[in-house]
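> Structure below; questions to follow.
The values are calculated or read from the model by the stated rules, or taken from the named source; none is laboratory data. Not measured: the values here are computed from a predicted model. Here the Cβ is made from the backbone with ideal geometry for all residues, glycine too, and neighbour counts use every protein chain on show. Surface accessibility is based on the protein's heavy atoms, side chains included, excluding ligands, DNA and RNA. Shrake-Rupley method; radii C 1.70, N 1.55, O 1.52, S 1.80 Å.
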Amino acid sequence: MPGERRSRAQPVAWLYVGNALTGVGTTLLGCILPTLHTSWHLDDRRAGILFASQFTGSALGALLVRSDFFRSLAGGYFLLIASAVSLTFFTGFVEALLFLAFGLGLGLTMTATSMLVGSTFLGNRGAALSVLNAVWGIGAALTPLIASLWVGRWPPTYLFLILAAVLTVTFLLIGKNRATFVAGARDAALDASRRTQLKPLSMIAVISFLYVGTEVSVSGWMMTYVGRLPIANKAWAPIAASCFWVAVICGRTLVPAIVRWWSEAQLLTSSLTMAFIGILLLLLSNVPPAIVLSATLAGLALAPIFPLCLAKVLKLTHDSPDSKWIFAISGLGGAVLPWITGELSAHSGSLRIGLLVPAFALGTMIILDRLSIGWQVSYQENL
């Protein structure tokens with residue numbers, strides 16, 4: 001048994017590394033956006049279209065996942081690598097199409113990874129998924145700093161080429177141990193019950209849609225927003241973005257411990273309320289320390305929401321590929337809300353007004369939480 005655990009640990013570790021790289025890929029556009037505004041002559045409306053393209057692709061990619069999770073993972077990596085290389089060398093009217101393909105790769109890879117981890121660690125699925133989300137956040141947290149150091153010396157799109165190279169090496173290392181994942185994934189797919197509870201799943205789908213849209217809107221536009229504020233040192237923009245993602249990592253890492261002392265319903269309600277307050281404070285702040293603290297509060301509060309929803313989805317669908325529509329709807333939120341944010345910003349001439357969109361989404365989630373009597377996320381059952 002110890003030998004079996006060790007043989008499984010290495011390929012699973014590379015699976016987690018790959019998930020961290022998808023965190024880099026998901027947030028990279030937002031981190032290089034201030035530079036792309038100049039080099040690609042973007043306005044907020046066109047930038048919003050790029051966000052919409054990427055996250056529409058991510059939503060569609062989730063729908064493409066099949067019962068052979070590893071084959072879906074391989075397809076996702078192929079799309080990611082090919083589109084990342086293309087983004088390095090092609091600009092103009094094809095930008096939106098390339099980000100759509102890049103998003104397809106992200107959606108396939110992230111969803112297949114979550115399904116593989118969920119089916120591999122049936123005994124402690126909740127904790128495994130929290131760690132998986134935290135690892136994704138590590139990649140997202142490092143991206144602002146990497147991008148800030150890079151864009152001052154080299155073209156920003158070359159970061160996509162670097163990402164493609166690292167993804168290639170990572171997938172080759174995952175693929176060496178394909179049998180580790182295939183057996184568990186097939187067993188989970190064969191044993192999955194087709195009976196799903198539509199009402200709770202629908203509520204989770206709406207909250208997931210609004211949550212992912214909120215996270216992408218705040219994180220994707222944050223460096224641009226802070227960079228436009230009348231503060232002396234523009235280094236505060238990547239600092240605020242990194243603090244947001246570090247807070248997300250810390251919050252998700254702490255979820256398994258928190259739910260032992262606090263009910264899931266209490267954690268969800270408190271997280272939504274504090275996230276709403278954090279985003280409002282971010283929009284009202286003009287002093288750099290206050291901006292960083294507000295971003296940190298928002299990230300810490302947002303952190304538990306998606307892992308709780310994800311664990312409940314996999315529980316209700318018995319790890320079936322049927323759960324992919326929830327991933328697709330949540331990914332669609334990442335396409336719609338940032339696009340609306342860009343449209344509102346372009347129409348009003350103020351990104352601060354545009355960022356009222358995620359605040360409104362959080363307010364809606366709070367109302368849905370209050371209306372959903374008996375909300376239960378069976379998180380502890382998965383630990």
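> Using a 1.4 Å probe on the protein heavy atoms only, what accessible surface does VAL212 show? Give it in Å² to the nearest 10.
Around 20 Å² of this residue is reachable by solvent.
> Return a whole-number percent for the relative contact order of the chain, with Cα pairs under 8 Å and 6 or more residues apart as the contact set.
27
> Here is a follow-up. May I ask you to give the solvent-accessible area per residue for the chain, in square angstrom, as obtained with a 1.4 angstrom probe?
Ligands and nucleic acids excluded, the result is 41 Å² per residue.
> Answer with one residue from THR38, VAL169, ILE138: the one whose Cα lies farthest towards the positive end of the charge dipole of the chain, charges on Cβ with Lys, Arg +1 and Asp, Glu -1.
Result: VAL169, furthest along the dipole toward the positive end.
> Summing +1 for each Lys or Arg and -1 for each Asp or Glu, what net charge is found among the other residues whose Cβ lies under 11 Å from the Cβ of THR111?
Overall, the nearby charge balance is +2.
> Moving on to the next point. Using only C-alpha positions, report the orientation-averaged shadow area of the convex hull of region 283-346, nm², one decimal.
Taking the Cα atoms of region 283-346, their convex hull projects to 5.7 nm² on average.
> In whole percent, how big is the carbon plus sulfur part of the accessible area of the chain, probe 1.4 Å, protein atoms only?
Taking all protein chains in place, the chain shows 69 percent carbon and sulfur surface.
> Within the chain, which is the longest segment containing none of the chymotrypsin sites (Phe, Trp or Tyr not before Pro) that sit in a DSSP loop and have at most 10 other Cβ atoms within 10 Å?
Longest gap between qualifying sites, sites excluded: 94-260.
> Mind computing the radius of gyration and Dmax over the alpha-carbon atoms of the chain? Å is fine for both.
When restricted to Cα atoms, the chain yields Rg and Dmax of 19.6, 62 Å.
> Say R0 is 30 Å: what FRET efficiency, to the nearest 0.05, do ARG178 and ALA96 get from their beta-carbon distance?
0.30
> Subtract the Cα-Cα distance of LEU280 and ARG260 from 0.36 nm times their separation in residues, and report this length gain in nm to one decimal.
Once the chain is fully extended between LEU280 and ARG260, it gains 4.2 nm.
> Additional query: Taking the Cβ of GLY61 as the centre, find all other residues whose Cβ is under 15 Å away and add up their charges (Lys, Arg: +1; Asp, Glu: -1).
It works out to a net charge of +3.
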